Amino acid sequence: MENRICIIDDEEVVLDSCTLILEGSGYPIVTTTDGTRGLQLVQESQPDLVFVDLKMPGISGFEVLERIRAMDPNIVTIVITGFATVGSAVDAMKQGAYDFLPKPFTPDEFRLIVQRGFEKRRLVLEAIALRHEKELLREQFAAIISHEVRSPLAAVQQSLMALQMELEDRLDEDQKKRLQRLQVRIDDLLRLIHTWLRVMSVDESKLRETFRRISVATVVSKAVESVQPQAMRKDIEITTSVEPLSCAVTGDEGTLVETLVNLLVNAVKYSHTGSQVQVRAKEQPDNLVLSVADTGIGIPKEELPYIFEDFYAGKTGQMVEKSSGLGLAIARRIVQAHGGTITVDSEPGRGSTFTICLPALE
Amino acid sequence: MATPKKLLIIDDDPDFVDGIKTILRKAQYEVDVAYNPKDGFKALETGQYDLLLLDIMMGRGAEGIMVARKMRKDTRLREIPVLIITGIREQIAFLFPGEQVHPRFVAVDELVEKPIEPTLLLEKVEALLKEAKVKKAKAT
């Protein structure tokens, strides 16, 4: 794809020299001395890079910049400015211009800034393409997994169940055990796929349709109840405090319970045997703060920025149990759908505290 | 002994069908199978079935739903209890975590997820047959 340039400057000599400098480079260039005409040109020629003089008669360079941004925020803009007005160039950059070109400039300076502008444009377009691809992959992946992978597994599992029933009195104990182990393995796999699908299919707008007023105390007690067996196995005590007991939020009970369960499962997983996990809910003027604190192994500082991302399960060296790396990603999506935030505070060797902030009831 | 109940399975996955068919036959049910919605609906119209086990995702999409819709329009067929066995529950379940999902396509129906535990399958089939019988007794 060839790179197009548009130059808008009221000084003809600037336009001429720019065109001359780039002659032979093969870049198509359109130029104009008028801001309004410039906007037309941008619309028609869809340039990658636009140079705009800040000081022009007629509509101002700032307005031109703003309208270009409204047309297509991904067009890279560079302002041309006199030496005395570098200050306004900085203002323009604060509003989204990528760089500035101070007058007078040498051919080399101009060529360099054009190269940098194109490079920026390339990166912008690449980022867009990648984001789009990621989104597409996410959607299609969910569909492919649910049909192409899950169905055969379900068929295998169903047949194993039937076989087990049919062969009840013909298999010896060892054979029965093996058949059972096969089923457990497939169950694990089905559960993993189920979790993946959950991450992919958390549709935030759909989720909001089911929002209603829910009791925080209920969410906490349901979540704690479902994690209790795992906690007991490691002799971990889960303490809860909800203040005030009557506090409520607007949301979806099922998914909020799921979020809290995910946090609690992690807390138990990464806690030392015999320790405590604290769940707290506290009502504040603007939001409701829910936190889960453990005194376990903690999270290294360099990993903190990634833990809410899909499939991130920590470095293998410190994994204590198998993990799909999705629990926190699901939690983050659900909390975001509720208009809230989820953050973590952690110190290796001391433990972690996960905090969910949800907007207070209207 | 009472005459065995007649069940029809409509599902396009032969391996899955073999699995549930074996379980149902072992429990003394008489089982017929149709491997696509078209044959399935024809079988429903011509045969006398006590219960239908219906898959949702068949062919190019949720074609099982079409079978249920057509059944609803037919005064005789809509009395047949339906056990919907589907792999898509994970998408439905997200909206109702932990809740029982009753599709209410026809008078008596219920939804379970693939794969289904043999005991659960037999329980559900039995319960649906019973519910349909009670309903029929009330109507007459």
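The values are calculated or read from the model by the stated rules, or taken from the named source; none is laboratory data. The shown structure was predicted, so the numbers you read here are calculated from the model rather than taken from an experiment. Quick reminder, even Gly has a Cβ in these numbers, built from the backbone with ideal geometry, and neighbours come from all protein chains shown. The accessibility values were calculated without ligands, DNA or RNA, using every heavy atom of the protein model including side chains. Shrake-Rupley method; radii C 1.70, N 1.55, O 1.52, S 1.80 Å.
Pairs on different chains or at least eight residues apart, Cα atoms closer than 13 Å: how many lysine pairs in the stretch B:6-139 fit?
The result is 4.
Going toward the positive end of the dipole of chain A, with +1 on Lys and Arg Cβ and -1 on Asp and Glu Cβ, which of A:231, A:255, A:270 do you reach last?
A:231
Nearest 100 Å², what total accessible surface is buried between chain B and chain A (probe 1.4 Å)?
Buried: approximately 2000 Å² between A and B.
How large a share of the accessible area of the stretch A:207-359, in percent, is made up of carbon and sulfur atoms when the probe is 1.4 Å and the other protein chains stay in place?
In the stretch A:207-359, the share of accessible area belonging to carbon and sulfur is 50 percent.
Suppose only helical runs count, i.e. DSSP H with n ≥ 4. What mean residue ellipticity at 222 nm does that imply for chain A under -39500 (n - 2.57) per run, divided by all residues and rounded to the nearest 500 deg cm²/dmol?
-16000 deg cm²/dmol
Dividing the alpha-carbon radius of gyration of the stretch A:5-105 by 2.2 N^0.38 Å (N being the number of residues), what value is obtained?
Compactness ratio reported: 0.97.
Let me have the 222 nm mean residue ellipticity of chain B computed from DSSP H runs of 4+ only, each contributing -39500 (n - 2.57), with the sum over all residues rounded to the nearest 500.
Computed mean residue ellipticity for chain B: -13500 deg cm²/dmol.
How do the peptides A:280-286, A:8-14 rank, highest first, by the average count of neighbouring beta carbon atoms within 10 Å per residue?
Top of the packing list down: A:8-14, A:280-286.
Can you pull the percent of the stretch A:5-105's accessible area that's carbon plus sulfur, 1.4 Å probe, other chains left in place?
Result for the stretch A:5-105: 55 percent of the exposed heavy-atom area is carbon or sulfur.
Quick one: if you take sqrt(5λ) for each eigenvalue of the C-alpha gyration tensor of the protein assembly as shown, what semi-axes come out, biggest first, whole angstrom?
60, 33, 22
How big is the accessible area of residue A:136 in square angstrom, nearest 10, if you roll a 1.4 angstrom probe over the protein chains?
In the full protein context, residue A:136 sits at about 80 Å².
Please give the average number of partner chain Cβ atoms lying within 10 Å of the Cβ of each residue in B:19-31, rounded to a whole number.
So the per-residue partner count for this stretch is 3.
To make sure I understand the rule: partners must be lysines, Cα under 21 Å from the Cα of residue A:94, and not fewer than 8 residues away in the same chain. Which ones qualify?
Cα-Cα hits under 21 Å: A:55, A:103, A:120.
If you average 1/r over every pair of different alpha-carbon atoms in chain B and take one over that average, what Kirkwood value in Å do you get?
It is 15.2 Å.
Put +1 on the Cβ of every Lys and Arg and -1 on every Asp and Glu Cβ in chain B; which of B:51, B:139, B:20 then has its Cα farthest towards the positive end of the dipole?
Checking the options against the dipole of chain B, the answer is B:139.
Let me know the charge dipole size of the stretch B:6-139 about its Cα centre in debye, to the nearest 20, where only the beta-carbon of Lys, Arg (+1) and Asp, Glu (-1) is charged.
Here the stretch B:6-139 has a charge dipole of around 700 debye.
Hey, can you find the accessible area per residue of the stretch A:207-359 for me, probe 1.4 Å, expressed in square angstrom?
49
Tell me, how many Å apart are the Cα centres for the stretch A:237-256 and for the stretch B:20-80?
Using only Cα atoms to place each centre, the spacing works out to 44 Å.
Averaged over its residues, how many other protein chain Cβ atoms are within 10 Å of peptide B:2-15's Cβ atoms?
Taking the mean over all residues of the peptide, I get 1.
How far is it, in nm, from the label point at residue A:218 to the one at residue A:130 when both lie 7 Å from their Cα along the line to the Cβ?
4.4
Tell me, what % of the accessible area of the stretch B:6-139 is carbon and sulfur with a 1.4 angstrom probe?
The value for the stretch B:6-139 is 51 percent carbon and sulfur by accessible area.
May I ask which residue of A:118, A:240, A:215 lies farthest towards the positive end of the charge dipole of chain A, with charges of +1 (Lys, Arg) and -1 (Asp, Glu) on Cβ and the Cα centre as origin?
A:240
Magnitude of the Cβ-charge dipole of the protein assembly as shown, K/R +1 and D/E -1, about the Cα centre, nearest 20 debye?
1960
Counting only other residues whose beta carbon sits under 13 Å from that of residue A:277, what net charge do I get with K and R as +1, D and E as -1?
Result for the local shell: 0.
What is the count of Lys pairs in the stretch A:207-359 whose alpha carbons sit under 20 Å apart, if the two are 8 or more places apart or on different chains?
The number of close lysine pairs in the stretch A:207-359 is 9.
As a test of the definition: which semi-axes, in Å, follow for the stretch A:94-177 when you take the square root of five times each eigenvalue of its alpha carbon gyration tensor? Largest first, please.
The answer is 67, 12, 9 Å, longest axis first.
May I ask for the net charge around residue B:48, where only other residues with Cβ less than 12 Å from the Cβ of residue B:48 are counted and Lys, Arg are +1 while Asp, Glu are -1?
-2
Let me check I've understood the local charge: for residue A:91, count other residues with C-beta under 15 angstrom from its C-beta, Lys and Arg +1, Asp and Glu -1. What total comes out?
-1
Counting partner chain Cβ atoms within 10 Å of every residue's Cβ in A:162-170, what's the average?
3
I'd like the FRET efficiency for residue A:25 and residue A:192, computed as 1/(1 + (r/R0)^6) with the beta carbon distance as r and R0 of 56 Å, rounded to 0.05.
The pair residue A:25/residue A:192 has a calculated efficiency of 0.55.
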